[in-house]
Amino acid sequence: MLLDSRVRLRVTPFDVTDQFPEGWQEDISAVATHAEFRDFPRTPFLSREAADVTHITRGRVHAIQVQQGLPWLYKLYRHRFLELASAAWREPIDPALDDRYGIVLNVQRGNKMRFECHVDSNPVTGLLFFTDHLAGGGELVIARDPKAVGVAELERDHDLVRPRAGQLIFFDGHTYPHYARTLIAEHDVRIVAVMNFYTRSCPEGSTRPAGLNQHLFGAD
Ligand SMILES: [Fe+2]
């Protein structure tokens, strides 16, 4: 992975397949079938979609489903991955204390879904890919311009991460807008774990917009 010195974008890849238990593919697929698939309204504060986009169709496995259905993954998030994040960032890294958004799965099924252009409220984001896509599509597009808005602008100048099963990356999604492209193949499925991490200078609570929890969970 190339590090871009112009914007100090840090995308650090680790292959963590050896951390997975036997049968992990079946575990992940089973939980992903219970994802909530629907049109999600653009995320307040954090969306970087063009003005005319009101909804994005996608799938979400909520944090509680991850904790109950994939306890090994939840444990990796709070322990081993924390060490890797600290190594990548060269400073102490903390997981989310609030289990409602610490680790979730994003799921795209078929070739119509994508993920929203947005920035993250947390200073360090971990993405762990569980699927490969031989037909292409599903790439993570990370804008080099922190001010980029909408798919067209993000596509104009970006770094690209192709999903590879077992690959874990850390990047600054707080500064750089990003989104996931649609898949190419009609029957393909993209599954990625999304993890919120925090630094001591940018701790949980300091950067999360007031009202975001109310929007997402119906409670602060
Ligand atoms: Fe993000």
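The values are calculated or read from the model by the stated rules, or taken from the named source; none is laboratory data. Since we're looking at a predicted model, the values are computed, not measured. Glycine gets a Cβ as well: all are built from the backbone with ideal geometry, and neighbour counts include every protein chain shown. All accessible areas refer to the heavy atoms of the entire protein, side chains included, with ligands and DNA or RNA removed. Shrake-Rupley method; radii C 1.70, N 1.55, O 1.52, S 1.80 Å.
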Need one number: nm distance between label points at residue 144 and residue 72, each 7 Å from Cα along Cα→Cβ, rounded to one decimal. 4.0
Counting as exposed only trypsin sites (Lys or Arg not before Pro) in DSSP loop states with no more than 11 other Cβ atoms inside 10 Å, the longest exposed-site-free span of the chain is 9-89
For a quick check: with amide H placed at 1.01 Å from N, whose amide H comes under 5 Å from residue 40's, ignoring anything fewer than 5 positions away on the same chain? 56, 57, 58
Of the candidates 11, 72, 201, the farthest towards the positive dipole end of the chain (Lys/Arg Cβ +1, Asp/Glu Cβ -1, centred on the Cα centre) is 201
P(r) of the chain in 5 Å steps, Cα pairs, percent per bin? 1, 7, 15, 20, 23, 19, 11, 4, 0, 0
Computed FRET efficiency, Cβ-Cβ of residue 184 and residue 220, R0 45 Å: what is it to the nearest 0.05? 0.65
What is the distance, in nm, between label points placed 7 Å from the Cα along the Cα-to-Cβ direction at residue 79 and at residue 175? 3.3
For residue 157 and residue 17, calculate 0.36 nm times their separation in residues minus their Cα-Cα distance, and state this gained length in nm to one decimal. 47.3 nm
Sum of side-chain charges, residue 40 neighbourhood, beta-carbon under 15 Å (Lys, Arg +1; Asp, Glu -1): +4
Taking the chain as a Gaussian network, Cα atoms linked when under 10 Å apart, which of 86, 206, 121 shows the biggest mean-square fluctuation? 206
Per residue, how many Å² of accessible area does the chain show with a 1.4 Å probe? 48
About its Cα centre, what dipole magnitude does the chain give when the only charges are +1 on Lys and Arg Cβ and -1 on Asp and Glu Cβ, stated in debye to the nearest 20? 280
Sum -39500 (n - 2.57) across every DSSP H segment of at least 4 residues in the chain, then divide by the residue count to get the 222 nm mean residue ellipticity, nearest 500. -5500 deg cm²/dmol
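What's the local net charge at residue 138, with K and R +1, D and E -1, over the other residues with C-beta under 15 Å away?
Working: positive: 58, 109, 112, 114, 162, 164, 181, 190; negative: 116, 132, 139, 155, 186, 188.
Residues near residue 138 contribute +2 overall.
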